[in-house]
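The values are calculated or read from the model by the stated rules, or taken from the named source; none is laboratory data. Just so you know, these numbers come straight off a predicted model, no measurement behind them. Glycine gets a Cβ as well: all are built from the backbone with ideal geometry, and neighbour counts include every protein chain shown. When the accessible area is computed, the model is the full protein with side chains, heavy atoms only, and any ligands, DNA or RNA have been set aside. Shrake-Rupley method; radii C 1.70, N 1.55, O 1.52, S 1.80 Å.
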Amino acid sequence: MSTPKPGSREQKKVSVDWRDIERRMAATRAAIERGSTPPPAEAQRILKARAQALAREPAPEEAANARIEVVEFLLAYEHYAVESRYVREVYPLESLTPLPCTPAFVLGIINLRGEILSVIDIRKFFELPEQGLTDLNKVIVLHSENMLFGILADAITGVRRIPIADIQSSLPTLTDIRAAYLRGVTPDRTVILDAEKLLSDANIIVQEQVDR
């Protein structure tokens, strides 16, 4: 009879006797309350069992139900989205001031309640078709621990929760530059951008230098 190879389906899974672990942990707590400590071998077994419990993979039903919340918007007649945990707020595009001597994708700056915020036109950054600015344009304010800026949206279409299992890796129609900032694509072809990568990319960060 052949021995199953590591990683094969025939290999038996290591089972964990949770009731035995609970009994051991209860005995340990009781020993501590009595002012004593468990034998080293017993303590080692308990620690190993705890490590196995923490390292175990989530149940299939838990993974299947995992979802992310996204803010959806229109960009050059296509549907895009970013995870809402990176969105601080959505703000109307008002009082935009262009910035000279900056990359073409830097639309300008706005005054957001006393805070000066750069606005990035990712249509230009992704080499997408452009259209004129209207009253429908919004600024999606993205934030991380060390970075804050806004990205231009033609219109906001809503907020929804998407099952992670439904997110595809890419689409053949995406250009290389868009694929580089891709979080995934939904079955209805909404492109989910990787907001974390956008916020940390040195190509997007604009550093202004003012002569004094």
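Out of all the residues in the range 140-163, is one or more open to solvent by 80 Å² or more (accessible area, probe 1.4 Å), more than 20 Å from the chain's Cα centre (by Cα), modelled with pLDDT under 90 and of a type in the set (Asp, Glu)?
Looking only at the range 140-163, we keep the residues that are open to solvent by 80 Å² or more (accessible area, probe 1.4 Å), and these are 145-146, 159, 161.
Still in the running and more than 20 Å from the chain's Cα centre (by Cα): none.
For the range 140-163, residues open to solvent by 80 Å² or more (accessible area, probe 1.4 Å), more than 20 Å from the chain's Cα centre (by Cα), modelled with pLDDT under 90 and of a type in the set (Asp, Glu): absent.
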> Looking at Val206, Val185, Val191, which one is modelled with pLDDT of 75 or more and touching a Ser or Thr at 6+ places or on another chain (Cβ under 7 Å)?
Replying inline: Val185
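Quick test for you: out of Ala31, Ala76, Ala41, pick the one residue that is surrounded by 11 or more Cβ atoms within 10 Å (Cβ to Cβ) and at pLDDT below 80.
Working: Ala76 fails: at pLDDT below 80; Ala41 fails: surrounded by 11 or more Cβ atoms within 10 Å (Cβ to Cβ).
Just a single option satisfies the conditions, and that option is Ala31.
From the list Arg85, Arg123, pick out the single residue that is at pLDDT 85 or above, among the basic types (Lys, Arg) and not in a strand (DSSP E or B). Explain how you work it out, then say what you get.
Values: Arg123 fails: at pLDDT 85 or above.
Result of the check over Arg85, Arg123: Arg85.
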